[in-house]
Amino acid sequence: MNTDTEIRIRGMKALIEALGPVDSTRFVALALRKPFDYQKWRTEEFADETLDSLLLKIRESEKDRESSETIA
């Protein structure tokens, strides 16, 4: 199990990798400024997804990441 600090570090690294340093900072500022109901968002965001469709997206994302790491 990860500590809170480890989760924060990994989360920030993931944000920076996905959004870059500037937009990651903006995202954090927006999240702190405006209340956010994660459970509601998750329910709405994944309402039309099945377990199989989510697993397929995860696998595709992992393949894309692996191929971009190989190229770099």
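The values are calculated or read from the model by the stated rules, or taken from the named source; none is laboratory data. Fair warning: this is a prediction, and the values are worked out from it, not measured in the lab. Note that we place each Cβ from the backbone using ideal geometry, even for glycine, and neighbour counts take in every protein chain shown. When the accessible area is computed, the model is the full protein with side chains, heavy atoms only, and any ligands, DNA or RNA have been set aside. Shrake-Rupley method; radii C 1.70, N 1.55, O 1.52, S 1.80 Å.
Quick one: how many residues across region 45-57 are open to solvent by 90 Å² or more (accessible area, probe 1.4 Å) and closer than 20 Å to GLY11 by Cβ? Counting residues in region 45-57 that are open to solvent by 90 Å² or more (accessible area, probe 1.4 Å) and closer than 20 Å to GLY11 by Cβ gives 2.
Among the conditions (1) surrounded by 10 or more Cβ atoms within 10 Å (Cβ to Cβ); (2) at negative phi; (3) at pLDDT 90 or above, GLY20 misses just one, which is (2). Of all residues in region 24-44, those satisfying the criterion of being more than 13 Å from the chain's Cα centre (by Cα) and surrounded by 10 or more Cβ atoms within 10 Å (Cβ to Cβ) are THR25, ARG26, ALA29, LEU30, ALA31, PHE36, TRP41, THR43, GLU44.
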